[in-house]
Amino acid sequence: MSEVEGETLLVSNSQQDGPHLKWSAYAPKYDAICAYNPAYQENLERLKDYLRTWELSEDARIADLGAGTGNFICAMSDVLPHASYTHIDFDPGMNTVARSKYDQLKSIEVNVIQEYLQRVSIPDESFDLIVCVNVLYAVAPQGLFLSRARRWLKPEGRFFIIDFGRKVKIFDWGWYFLKSTIRKHSFGHFVRVLVDNYEFVRQNKNAQHDFEMGYFWEHSTEEFRELLTSTGFSVEELYTCYRGYCDLAICR
């Protein structure tokens, strides 16, 4: 348990791990698999499309909660290269990969904070935009975490959140990757990618087990909406994405 700003938050061995899923094992292969995942690339493009329509200043303050290997901050920097970015993630492996990307870009300002999301201390009304992608389902208790995130937003700030609320189906994803990879490459190429990134597959199996055991929050789109509104957010848009496994919400 951890006391943060007068709240009692659950902190397990990591902010996102389950008893079997280990994000540190994902880190070395995460980007290699994402490159072959059209659904992941679609989410990156969705966020960039929203940034082009929102009236954010060039020097906006933006946070990515559970930022992983930094892909969403890198994508946002294509649209807002002069914004100030805060990357928060507990995993040193993920953060190492992200820092190398930020160093290569050079032009963007990123503050990398290695800390559990349940423990990090952020002043109220710090950010114009908060991004949180596929993290909430594993950060308990979800309601208290969302309440804190809401306080970190400026009064007119936006919250872009995607959450993986359905059980992982290994065969479904395997067939999807097979089809998308063969479409651009070959079956042999798919086999090589699978062999080279077997640890990624193994951790997905662990995630499937953790969902089945109830360690992660499985939810419907409507349950997702109810939680967001109950913690004080106004939901402007809400729909499924990532092949129906995730819900995407734009909140104020």
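Computed from the coordinates by the stated procedures, all read-outs in this text should not be read as laboratory data. As the structure is a prediction and not an experimental result, all values here were calculated from the model. Ideal geometry is used to build each Cβ from the backbone, glycine not excepted, and the neighbour counts take in all protein chains shown.
Rounded, prolate or oblate, given the Cα gyration tensor of region 43-83, with a/c below 1.5 counting as rounded?
Oblate is the answer for region 43-83, as a/c is 1.5 or above yet b/c matches or exceeds a/b.
Based on the mean of other beta carbon atoms within 10 Å per residue, what is the order of 95-104, 65-74, most packed first?
Listed from highest to lowest mean packing, they are 65-74, 95-104.
Need one number: nm distance between label points at ARG151 and GLN114, each 7 Å from Cα along Cα→Cβ, rounded to one decimal.
2.7 nm
What whole-number distance in Å separates the alpha-carbon centres of region 109-138 and region 26-103?
The distance from the Cα centre of region 109-138 to that of region 26-103 comes to 13 Å.
Please find the FRET efficiency linking TRP54 to TYR176, where r is the Cβ-Cβ separation and R0 is fixed at 41 Å, and quote it to the nearest 0.05.
0.85
Once you order the gyration tensor axes a ≥ b ≥ c over the Cα atoms, which shape class does region 53-132 get: rounded for a/c under 1.5, otherwise prolate or oblate by comparing a/b with b/c?
oblate
Is region 15-174 best put as rounded, prolate or oblate by its Cα gyration tensor, with a ≥ b ≥ c the root eigenvalues, rounded for a/c under 1.5, and otherwise prolate when a/b is larger than b/c, oblate when not?
rounded
How about region 28-64: which chymotrypsin sites (Phe, Trp or Tyr not before Pro) there lie in a loop by DSSP and see at most 16 other Cβ atoms within 10 Å?
When the chymotrypsin sites (Phe, Trp or Tyr not before Pro) of region 28-64 are filtered for loop state and at most 16 Cβ neighbours within 10 Å, TRP54 remain.
Give me a comma-separated list of calculated 3J(HN,Hα) values for region 106-111, in order, Karplus coefficients 6.51, -1.76, 1.60 applied at θ = phi - 60°, integers in Hz, x for any Gly or Pro.
6, 6, 9, 9, 10, 9
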